[in-house]
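Colleague: The structure under discussion is supplied below as structure tokens; questions concerning it will follow.
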């Protein structure tokens, strides 16, 4: 706030984005810190999609096309719900709340505006990239802890690489906080207090997203004489109605009416059919400020302390891992878990009182492990719930792909004693587990097209590593994309194709291993024909994209797999300003199902920007990455100086001791309050 006050007197000190938009910053308050971030939650959108799909093709077909764990959860809609009324517009407000800002040239001051032709071209490309990336079922993150019995030093390691949107300026920043009771280093987001991934003197911790369902969509019958009343049990109940003013740049304030049922904010009213739809969200309850429990985690002195700190971590749901100097490793799932006594939470339900949460599961009762006998524990957004777990009705049924977790387990349970270098290699690992499973289906085939048959033989000799310089990787990724697209057309009814999203890779492998009548009268022949046609289409895609010369078909290049980090203002500004804001492109390897998760689109719009590996033997051995840089100022040399290092899969040291920190310090700044406190 002191700096904001300074910019009032010296406007030239405002960050570039404010100057480009012609706006001034508001002051930070405690309310801003805890209210402007909702914590990686989007289950209700999938809930509506499942409800729509069930209404169109039935629960059994939706279940067959999806990957639910555990068991076979109930998907049938309550008879009270008219499935034909479940439309996309029900969640328009919710999606707008989560949607990134879209800036247009008129939002930018005249001197820096893009012309509309370039704006339309660039703005159109961004949704296409995001749609390609969404073909994978989940993006997610990786973390693991390795016990001293599996490391060369005899001390545990902690490694974490959270996968989020790639953005400029950086999503996360490295920070080292020292004060009374504090000496913590790691990563956090600028608007959030504390360090969410890091270490202190005693232990190191990291996170990935845990499968938890903390949202429900309720459907109400409304009173024909008063649409602000809804049926609850056998009587009409009044909605709470609030009027708010929303400030709009360049226009008069807009007055809106906000309605709330006993379950939460009303998202949509269908007055023609006398229906209302409201969201119940655990993250709207008191005490659900995202990541605020990091403040307790940062001061944990033991695994017991850390688990206690985890008990305050309501939002978002995470897989927390821990490794400490006492040679303990552990895992604790966190997040607020509503207990649903009589439904799965996968489809919308009536809000008439028959479907109510029965409180929350205590966080300490969520899955957890202390010093596992395997001497390692890793998570990759996969199904982590142990057999016999008694509280399944408080968890989620949709989980991330198993492929990254399978690779973590394959490497960590090997007999070798691991080093920090091994941890770096594992975070950067670009082996495709799906390729190991899909390519063998090509073994017995002979493709009529000689070029396609040559590509088939190449893949059979390939090591399944998606190296950016590999031609085989380009052929495989193009083939896998075409195969998944063709399988969706074959197996998923057109009426629900956009609702279910991408196919789960485990299901794909199972379908190909045991094809059924959906592949044709002779399922094996139909499967093989699909594999061959997908290969021929993939090669045509590569010729169109990269030209006829196969020696130029390297996977990593600007016309195929790359990373171009676009600033949110990029499409709206002129070319010179865009060059200051954007970072890249650079060639990339990997994809959305490799440990080095670079997404399934051509441009890496998601994945690990921040990485950390901590060695509990000596905190000065810790290493990390970040991209594109530590500064948020596009004209600062540290805005993009970490990008090339990150793209090359290289790490920098993360020193902790004062002597080491001072030995590499570039400058020292002293901030002094202007008023006594």
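The values are calculated or read from the model by the stated rules, or taken from the named source; none is laboratory data. Treat the numbers as computed from the prediction; the structure is a model and nothing was measured. So basically every Cβ, Gly included, is an ideal-geometry build from the backbone, and we count neighbours across all protein chains shown.
Colleague: How about the stretch 50-75: which of its residues are surrounded by fewer than 18 Cβ atoms within 10 Å (Cβ to Cβ), touching a helix residue (DSSP H, G or I) at 6+ places or on another chain (Cβ under 9 Å) and not in a helix (DSSP H, G or I)?
Modeller: Those that are surrounded by fewer than 18 Cβ atoms within 10 Å (Cβ to Cβ), touching a helix residue (DSSP H, G or I) at 6+ places or on another chain (Cβ under 9 Å) and not in a helix (DSSP H, G or I): 70, 71, 72, 74.
Colleague: Moving to a separate point now. Against the condition buried (at least 20 other Cβ atoms within 10 Å of the Cβ) and modelled with pLDDT under 95, how does residue 384 come out, does it pass?
Modeller: Details: buried (at least 20 other Cβ atoms within 10 Å of the Cβ): yes; modelled with pLDDT under 95: yes.
When the stated conditions are applied, residue 384 passes them.
Colleague: Please state which one of 542, 531 is within 28 Å of residue 596 (Cα to Cα), touching a residue at least 40 places away in the same chain (Cβ under 8 Å), within 30 Å of the chain's Cα centre (by Cα) and part of a helix (DSSP H, G or I). Reasoning before the result, please.
Modeller: Details: 531 fails: within 30 Å of the chain's Cα centre (by Cα).
When all the criteria are applied, what remains is 542.
Table: residues versus (1) within 29 Å of residue 204 (Cα to Cα); (2) touching a residue at least 60 places away in the same chain (Cβ under 8 Å); (3) surrounded by 15 or more Cβ atoms within 10 Å (Cβ to Cβ).
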site	(1), (2), (3)
395	yes, yes, yes
424	yes, yes, yes
435	no, no, yes
452	no, yes, yes
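Colleague: Something else now. Tell me which of these residue 555 doesn't satisfy, since it passes every other one: (1) surrounded by 21 or more Cβ atoms within 10 Å (Cβ to Cβ); (2) farther than 28 Å from residue 168 by Cα.
Modeller: Looking at each condition in turn, residue 555 falls short on (2).
Colleague: Also: Taking the stretch 144-181 on its own, how many of its residues are in a strand (DSSP E or B) and either at pLDDT 95 or above or within 20 Å of residue 652 (Cα to Cα) (or both)? Show your work before the answer.
Modeller: Let us first name the residues in the stretch 144-181 that are in a strand (DSSP E or B), namely 144-146, 151, 157-161, 163-165, 173-179.
So of that shortlist, the ones also either at pLDDT 95 or above or within 20 Å of residue 652 (Cα to Cα) (or both) come out as 144-146, 151, 157-161, 163, 173-178.
Residues that pass the stated criteria total 16.
Colleague: Has the stretch 354-372 got any residue that is within 18 Å of residue 311 (Cβ to Cβ), in contact with a helix residue (DSSP H, G or I) (Cβ under 8 Å, 6 or more places away or on another chain) and part of a loop (DSSP other than H, G, I, E, B)?
Modeller: Kept after step one, since they are within 18 Å of residue 311 (Cβ to Cβ), are these residues of the stretch 354-372: 359-370.
Filter once more, so that each one left must be in contact with a helix residue (DSSP H, G or I) (Cβ under 8 Å, 6 or more places away or on another chain): 360-361, 363-364, 368, 370.
Okay, now just the ones that are also part of a loop (DSSP other than H, G, I, E, B), so none.
No, the stretch 354-372 has no match at all.
Colleague: May I ask you to say which residue of 583, 573 is within 28 Å of residue 124 (Cα to Cα), over 23 Å from the mean Cα position of the chain (by Cα) and crowded, with 24+ Cβ neighbours inside 10 Å?
Modeller: On the way: 583 fails: over 23 Å from the mean Cα position of the chain (by Cα).
Result: 573 is the single residue among 583, 573 that is within 28 Å of residue 124 (Cα to Cα), over 23 Å from the mean Cα position of the chain (by Cα) and crowded, with 24+ Cβ neighbours inside 10 Å.
Colleague: Is it the case, given these coordinates, that residue 481 is assigned to a loop (DSSP other than H, G, I, E, B), in contact (Cβ under 8 Å) with a residue 12 or more places away in the chain and within 20 Å of residue 596 (Cβ to Cβ)?
Modeller: When the stated conditions are applied, residue 481 does not pass them.
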